[in-house]
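**Student:** Attaching a single structure in structure tokens format; questions to follow.
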Ligand code: 2BA
């Protein structure tokens, strides 16, 4: 068994969530914050069988778009405090971690 941790843009979260559920996956969605942009994203937790990993990743990938986002403030912490865009980064589609699960019990 595996645990998938998938970090997804908030704008894609509803579509990813409903598509995974429709495909029969059990999903937990957690509200999270990216450490670099400090903006909200969504993290999905999914306990799944090994042979379902590629299918789950494919569903997530099909509903997660890449976006170019402005860096909203000075991340170099030079102390200007200016709320000016200082550049752009490409965010997403999704970042997916696949972890081995030793045991899982529904009690
Ligand atoms: P954030 O940390 O807010 O990062 C947003 C985007 O900023 C990243 O997009 C990447 O393009 C850029 N970025 C992040 N850290 C950077 C750095 N130290 N220097 C330069 N650019 C940087 P994605 O790579 O698509 O990541 C989207 C979100 O997924 C991230 O939001 C973070 O919440 C999560 N994430 C991505 N890689 C991760 C990792 N290795 N571990 C934990 N979380 C990760």
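**Student:** Counting helices only, and only those DSSP H runs with n ≥ 4, report the 222 nm mean residue ellipticity of the chain as the sum of -39,500 (n - 2.57) divided by its residues, in deg cm²/dmol to the nearest 500.
**Tutor:** Calculated at 222 nm, the ellipticity per residue is -6500 deg cm²/dmol.
**Student:** Quote the FRET efficiency, to the nearest 0.05, computed for residue 102 versus residue 22 with a Förster distance R0 of 30 Å and r equal to the Cβ-Cβ distance.
**Tutor:** Values: r = 29 Å, r/R0 = 0.97.
Calculated transfer efficiency: 0.55.
**Student:** Based on the mean of other beta carbon atoms within 10 Å per residue, what is the order of 13-23, 30-40, most packed first?
**Tutor:** Top of the packing list down: 13-23, 30-40.
**Student:** Kindly express, to the nearest 10 degrees and within the range 0 to 90, the angle between helix 53-62's C-alpha long axis and the longest C-alpha principal axis of the chain.
**Tutor:** 40 degrees
**Student:** Can you tell me the 0 to 90 degree angle between the C-alpha axis of helix 10-22 and the longest principal axis of the chain, rounded to 10?
**Tutor:** Helix 10-22 sits at roughly 10 degrees to that axis.
**Student:** Another question, then. How large is Rg over Rh for region 8-47, taking Rg from the Cα atoms and Rh as the Kirkwood inverse mean of 1/r across Cα pairs?
**Tutor:** A ratio of 1.02.
Readers should treat all values here as calculations from the given coordinates under stated rules, not as data from a laboratory. Given the structure is predicted, the values throughout are model-derived calculations rather than measurements. All Cβ positions, even for glycine, are placed from backbone atoms using ideal geometry, and neighbour counts span all protein chains on display.
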